[in-house]
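The values are calculated or read from the model by the stated rules, or taken from the named source; none is laboratory data. Since the structure is predicted, the reported quantities are computational estimates derived from the model, not experimental observations. Here the Cβ positions follow ideal geometry from the backbone for every residue, glycine too, while neighbour counts run over all protein chains shown. These accessible areas exclude ligands, DNA and RNA; they are computed on the full protein's heavy atoms, side chains included. Shrake-Rupley method; radii C 1.70, N 1.55, O 1.52, S 1.80 Å.
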Amino acid sequence: MSGAAAGGAQSCISAAAASCSSAGNSFVAAGGGVGIAGRLPSRVLEHVFSYLDLYDLMRCSLVCWHWNNCLADENSEVWRSLCARSLSEEALRSDILCNLPTHKGKLKSYQHALSSHDCSRNVYVKKNGFTLHRNPIAQSTDGARGKIGFSEGRHAWEIWWEGPLGTVAVIGIATKRAAMQCQGYVALLGTDDQSWGWNLVDNNLLHNGEVNGNFPQCNNAPKYQCNGVRPQIGERIRVILDMDNKTLAFERGFEFLGVAFRGLPKACLFPAVSAVYGNTEVTMVYLGKPLDG
């Protein structure tokens, strides 16, 4: 297919997807197609789909059963091609995305990664698109939010430090109103009523400027940081946000550490981190819906 032909087909596909978005999901319910585009062979559709971005592909999957089936394979050439175009070579070659087996899963993780535009001025997101680097600025606590927040459903992501924790290292969630920078070395997440955090250094749970107890409870196995044992550099901590039950929980490896916060508000909550140590790096990888059990 020539570039001009592909461009024309792409316009047709995008138009059909847009009409589906404006008309709701009636096409899916009917199981039908959308004119000529809905009757294109799978081989042709996959070629055209490989030119589209993630947003358009998600809309295309709602147009009809035929298009949905073409996009159902999350490791197809369509998703592989978009993955190669969207993600850095560093991210694809490293072990950052090792827990995401599909190309579509890797794309969604990048879509949900820490934001380079919603963070302290003293941090930046590295070229791999997933790792936050804190510049060595004295007397400052610096944080960042994920690109996408959640108001419903269940979501899981992994956080790990590639460097020392320093005196304060907090992981948790925050609304859009929570501050992402403040003076001094403090636990930024949890210092107001707009954020909830777990300080990995002293095990404290923080919200609204108060300590909400120690976590995990040291009389319950498995123990995370009890007896002075801190997380190892590169060790992954899984965060589980359940907006249906309004809870925030944590896992270490495959060990469930328990629910840290209950009664979360009905609001849009974003993954968030805050750090104080100069040149430390924090990576976040969105995993999608957590596995039960």
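Quick check on my filter: what residues within the range 88-99 are part of a loop (DSSP other than H, G, I, E, B), open to solvent by 10 Å² or more (accessible area, probe 1.4 Å) and touching a residue at least 12 places away in the same chain (Cβ under 8 Å)?
S88, S94, I96, N99 - these are the residues of the range 88-99 that are part of a loop (DSSP other than H, G, I, E, B), open to solvent by 10 Å² or more (accessible area, probe 1.4 Å) and touching a residue at least 12 places away in the same chain (Cβ under 8 Å).
I'm trying to understand the selection: among the residues of the range 56-73, which are among the small types (G, A, S) and either open to solvent by 50 Å² or more (accessible area, probe 1.4 Å) or out of contact with any Phe, Trp or Tyr (no Cβ under 9 Å at 6 or more places or on another chain) (or both)?
Within the range 56-73, just A72 meets the criteria.
Filtering the range 50-75 down to residues that are closer than 17 Å to T102 by Cα and among the hydrophobic types (A, V, I, L, M, F, W, C), which residue is nearest to the chain's Cα centre (by Cα)?
L54
Those residues that are aliphatic (A, V, I, L, M) and surrounded by fewer than 21 Cβ atoms within 10 Å (Cβ to Cβ), I need them from the range 128-155; list them, please.
Those that are aliphatic (A, V, I, L, M) and surrounded by fewer than 21 Cβ atoms within 10 Å (Cβ to Cβ): I137, A138, I148.
Can you name every residue in the range 189-202 that is open to solvent by 10 Å² or more (accessible area, probe 1.4 Å) and either touching a Gly at 6+ places or on another chain (Cβ under 9 Å) or under 18 Å from S120 (Cβ atoms) (or both)?
T191, D192, D193, Q194, W196, V201
Limited to the range 102-113, what total is found for residues that are open to solvent by less than 40 Å² (accessible area, probe 1.4 Å) and touching a Lys or Arg at 6+ places or on another chain (Cβ under 7 Å)?
Residues in the range 102-113 being open to solvent by less than 40 Å² (accessible area, probe 1.4 Å) and touching a Lys or Arg at 6+ places or on another chain (Cβ under 7 Å): 2 in total.
Might you let me know whether the range 172-184 holds any residue that is farther than 19 Å from H207 by Cα and open to solvent by 10 Å² or more (accessible area, probe 1.4 Å)? Can you show your working first?
Within the range 172-184, the subset farther than 19 Å from H207 by Cα is none.
For the range 172-184, residues farther than 19 Å from H207 by Cα and open to solvent by 10 Å² or more (accessible area, probe 1.4 Å): absent.
Could you check the range 152-177 and list, in sequence order, the residues that are closer than 28 Å to K106 by Cβ and over 14 Å from the mean Cα position of the chain (by Cα)?
Initial filter on the range 152-177 (closer than 28 Å to K106 by Cβ): 152-163, 165, 169-176.
Within the range 152-177, E152, W161, E162, G163, L165, A169, V170, T175, K176 meet the criteria.
Which residue pairs have Cβ atoms under 8 Å apart, sit 6 or more places apart or on different chains, and have a first residue in the range 137-154 that is in contact (Cβ under 8 Å) with a residue 40 or more places away in the chain and in a strand (DSSP E or B) and a second that is surrounded by 15 or more Cβ atoms within 10 Å (Cβ to Cβ) and basic (K, R)?
Taking only residues 6 or more apart or on different chains, the pairs are D142/R134.
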